[in-house]
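Since the structure comes first, as structure tokens, the remarks are kept for the end.
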């Protein structure tokens, strides 16, 4: 898995699962790490390039990470994927479409959300659930999709992370979308360029006033 992304380069480098497990931050950590890495690569031309992705910057979350390639509007296939995704699918996922992880009822929505990632462009976060059946327990997962430019400069790649919480059980596991969030790139860049001050520690700026002159030159004439 050390060569997960190839030779990319860049200057910047069963049991019931409680619903609040994700709130602990343990399963969300890879999501936030990937977003922070991607955000650090944002430049003047916006969306980072695929060639900037260096596996050393994502070394501790590679098993959850994947790269998608756009093949049609709203459709993308896995170019690379970590071992965690293969465990959920019960097979190697390279070459498979992203929709293969979703129930038919949610495939229309994931297609719409994915197209926003490419066309707006935008970051998309998804909260997923796979219902329990015979030999399977309820499984929750989180996904983040981060747009990338190809070597040709078009936005046709995605850096993504998928993390499930709980026993995977019998495979393949397919999910429905519980909730989704889409954040356009322009809003993200505005936050990066102009970070908000913490109002709890902010102070009003006082007008600068020159200090009053307290000294005066005194001289005397000696007779």
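Every number in this text was worked out from the coordinates using simple rules, so none of it is lab data. Being a predicted model, the structure only gives us computed values, none of them experimental. Note: ideal-geometry Cβ built from the backbone for every residue, glycine included; neighbour counts use all protein chains shown.
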Sorted by Cβ neighbour density within 10 Å, fewest at the top, the residues 64, 37: 37, 64
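Rounded, prolate or oblate: which one fits the range 48-109, using the alpha carbon gyration tensor with axes a ≥ b ≥ c (rounded when a/c is under 1.5, else prolate when a/b beats b/c, else oblate)?
Oblate shape, in that a/c is at least 1.5 and b/c is the bigger or equal ratio.
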Order by protection proxy (mean Cβ within 10 Å, highest first), peptides 137-148, 43-54: 137-148, 43-54
Test of understanding: ordering 83, 130 by Cβ neighbours within 10 Å, fewest first, what list do you get? 83, 130
